[in-house]
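Read the structure below first, then the notes.
The values are calculated or read from the model by the stated rules, or taken from the named source; none is laboratory data. In this text, all values refer to a predicted model and were calculated from it rather than measured experimentally. Here Cβ is always computed from backbone atoms with ideal geometry, including for glycine, and neighbour counts include all displayed protein chains.
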Amino acid sequence: MIEWFWAFIEAFRYYPTIVQRGWWKQWPFLPLVPERFIKFRLDTNYGMVEHGWKRPPWWKIVLDTKTFLTWRRKYRISGKLHRSSG
């Protein structure tokens, strides 16, 4: 259960790094993740989106996301994860 808590906290740390810069300058004035990034992540995780891709069950996506965020937290704590300066 504590692993879910830390994954949730890590999601808040990760989210600003994937939101499009200058999001407040264009409609809908929300910090949304670019659609092309979501398609890229789904394609690299589950296969070809444009070629007959069938979305996995929601619980699989949630568990995969938790696994990624748990890994990212451990990697960040180890000192190997550095934010880009750009």
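For every residue, the table says whether it meets (1) touching a strand residue (DSSP E or B) at 6+ places or on another chain (Cβ under 9 Å); (2) modelled with pLDDT of 90 or more; (3) exposed (fewer than 13 other Cβ atoms within 10 Å of the Cβ); (4) not in a helix (DSSP H, G or I).
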| residue | (1), (2), (3), (4) |
| --- | --- |
| R21 | no, no, yes, yes |
| D64 | no, yes, no, no |
| T67 | no, yes, yes, no |
| R76 | no, no, no, no |
| K80 | no, no, yes, yes |
| G86 | no, no, yes, yes |
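Look at the range 28-44: where a residue is under 15 Å from R55 (Cβ atoms) and a partner is charged (D, E, K, R) and in a loop (DSSP other than H, G, I, E, B), sitting 6+ places away or on another chain with Cβ atoms under 8 Å, you get L42/R55.
Summed over the range 3-19, residues that are in a helix (DSSP H, G or I) and either in contact with a strand residue (DSSP E or B) (Cβ under 9 Å, 6 or more places away or on another chain) or not aromatic (F, W, Y) (or both) total 9. The set of residues in the range 29-56 being on the phi < 0 side of the Ramachandran plot, loosely packed, with under 10 Cβ neighbours inside 10 Å, in a loop (DSSP other than H, G, I, E, B) and modelled with pLDDT of 85 or more consists of L30 alone.
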